[in-house]
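The values are calculated or read from the model by the stated rules, or taken from the named source; none is laboratory data. Keep in mind it's a predicted model, so treat the numbers as computed, not measured. Cβ placement follows ideal geometry from the backbone for every residue including glycine, while neighbour counts extend to all protein chains displayed. Just so you know, the surface numbers come from the protein's heavy atoms only, side chains and all, with ligands and any DNA or RNA stripped out. Shrake-Rupley method; radii C 1.70, N 1.55, O 1.52, S 1.80 Å.
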Amino acid sequence: MRELLLTLERWRAEQKRIALATVVRIYGSAPLPLGSKMAISSTGEMAGSVSGGCVESAVVQEALEALRSGRPKLLTYGIADEVAQSVGLACGGVIEVFVEPLPEF
Amino acid sequence: MAGTEASIYRQFEEAVRTGRLVAMATALTGPTIGAKMLLWPDGRSEGSLGEPTLDAVTRERAAQVFTSLRPERLTVETAGGPVELFIDVQPPPPRLWIVGAVHIAAALVTYARTLGFYTIVIDPRTAFAAPERFPHADELIARWPDAVFAEVGLDESACVVVLTHDEKIDNPALAMALRSPARYIGALGSRRTHAKRTAALKALGLEEAQIARIHAPIGLDIGARRPEEIALAIMAEIVAVMNEKRE
């Protein structure tokens, strides 16, 4: 989280809204530990990581959608998932990612 | 409600920024999906996950999370069915104390910050401890390190790296670090320098076993020559110690 703070500050100064994605469950092996985070700005920029690059682009789309709807979402990525071919994890594990719009302040 | 959420989230970020231990619980499913509760190690909490059972279970689990310092996922049975919760914990960053505002220190600050350390560079020589040389350090202190260590106290998570090559600065700093529970203590210098240093530390009243805690020659053996490479070797050794791959 600490490594994201400077970026979050900058986005807020630029009047951008922010969504946060957090790894909230890991089955099998996963590239990054539980609690890993990625922030996404309303203009589609990202900081941090939830999977070391495997599913980030899909998470950005979900984050933008969460910013539009204002609703958080629990997502699953991995071999058991239908989108596995396009955005699965290279290591064969499964992760759950919680995407939420951050409150504005 | 929105106001409360913003206030809770803001406090969470502020705690992370200032290195205070804090945890945040979030409802991942159920009617109150996204609801948050802020938790402090002294037992205080703020906000609600939207259901008394969820709040009670979360407060109960908090103590465990603050002990393990690992985030936790749990399923809680409520009147309305099971709800998934995530308790995120943000431990204070480990502190890396770098004695000697030398060239190696600048690279070391860069690596350490990337790895999530809070970096403090100390050097009583003001020409070295110049802010323009260390714009990226969390703190730069132009004072004698042993005096600073005596003041703040080094805890179990502290890492201390001694780099000045000046025994007037290095040795009192090392003596202070060796009398603390610091996690990692390393000192730059050849085997010959270290033998001389060992004798000096004994003269300062330290036991052989205490002196053996010093990592010297410092850093993993990666054939490092340039200052940046030496910094990398030191950082790799610190990571190995933190991950319990090395003593």
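Take chain A with all the other protein chains still there, run a 1.4 Å probe, and you get 46 Å² of accessible area per residue. Of the trypsin sites (Lys or Arg not before Pro) in the stretch B:109-178, not one is in a loop by DSSP (not H, G, I, E or B) with at most 11 other beta carbons within 10 Å. A cut-off under 12 angstrom between Cβ atoms defines the neighbours of B:M176, and their net charge, with Lys, Arg +1 and Asp, Glu -1, is -2.
Peptide packing for B:66-73, A:16-23 was compared via the average number of neighbouring C-beta atoms within 10 Å per residue; ordered from the highest value, the list is A:16-23, B:66-73.
Mean per-residue shielding of peptide A:93-101 is 2, counting Cβ atoms of other chains within 10 Å of each Cβ.
Computed from backbone phi, the HN-Hα couplings of the stretch A:35-43 come to x, 4, 10, 9, 9, 10, 8, 5, 9 Hz, rounded to whole numbers (Karplus: 6.51 cos²θ - 1.76 cosθ + 1.60, θ = phi - 60°; Gly and Pro given as x).
Rolling a 1.4 angstrom probe over the stretch B:117-209 with all protein chains present gives an accessible area of which 55% lies on carbon and sulfur atoms. Between B:G189, B:L115, A:A19, the Cα set farthest toward the positive side of the dipole of the protein assembly as shown (charges on each charged residue's Cβ, about the Cα centre) is that of B:G189. Site pair B:E46 and B:T4 shows an inter-label distance of 1.3 nm when each label is modelled 7 Å from Cα along Cα→Cβ.
Expressed as a whole percent, the accessible area of the stretch B:2-90 that falls on carbon and sulfur atoms is 53 (1.4 Å probe).
Within the straight-line cut-off of under 27 Å between alpha carbons, the lysines reachable from B:K196 are B:K168, sequence neighbours fewer than 8 places apart in one chain being disregarded.
Computed over protein heavy atoms with a 1.4 Å probe, the accessible surface of chain B works out to 48 Å² per residue. Note on B:L69 and B:E132: their simple-model spin labels are 3.8 nm apart, each label 7 Å out from Cα toward Cβ.
Of the GluC sites (Glu not before Pro) found in the stretch A:1-75, the ones in coil according to DSSP and having at most 14 other Cβ atoms within 10 Å of their Cβ are A:E14. Going by a ≥ b ≥ c, the root eigenvalues of the Cα gyration tensor, does chain A fall in the rounded group (a/c under 1.5), the prolate group (a/b larger than b/c) or the oblate group? In terms of gyration-tensor shape, prolate. Available extension along the chain between B:R226 and B:N243 is 3.5 nm, counting 0.36 nm per residue and deducting the alpha carbon span. Each Lys or Arg adds one and each Asp or Glu takes one away; over the other residues whose Cβ falls under 15 Å from the Cβ of B:M235, this sums to +2.
Shape of the stretch B:95-242 from the C-alpha gyration tensor: rounded (a/c under 1.5, with a ≥ b ≥ c the square roots of its eigenvalues). Just check the stretch B:2-90 against the gyration tensor rule for me: Cα atoms, a ≥ b ≥ c as the square roots of the eigenvalues, rounded for a/c under 1.5, and otherwise prolate or oblate depending on whether a/b exceeds b/c. Oblate, since a/c reaches 1.5 and b/c is not below a/b.
Between chain B and chain A, roughly 2000 Å² of accessible surface gets buried, counting both sides and using a 1.4 Å probe. For chain B, the mean residue ellipticity at 222 nm estimated from helices alone is -12500 deg cm²/dmol, where every DSSP H run of n ≥ 4 contributes -39500 (n - 2.57) and the total is divided by all residues, rounded to the nearest 500. In terms of Cα atoms, the Rg and Dmax of the protein assembly as shown work out to 23.1, 71 Å. Protein heavy-atom surface of the stretch A:2-101, 1.4 angstrom probe: 52% of the accessible area is carbon and sulfur, with nucleic acids and ligands not counted.
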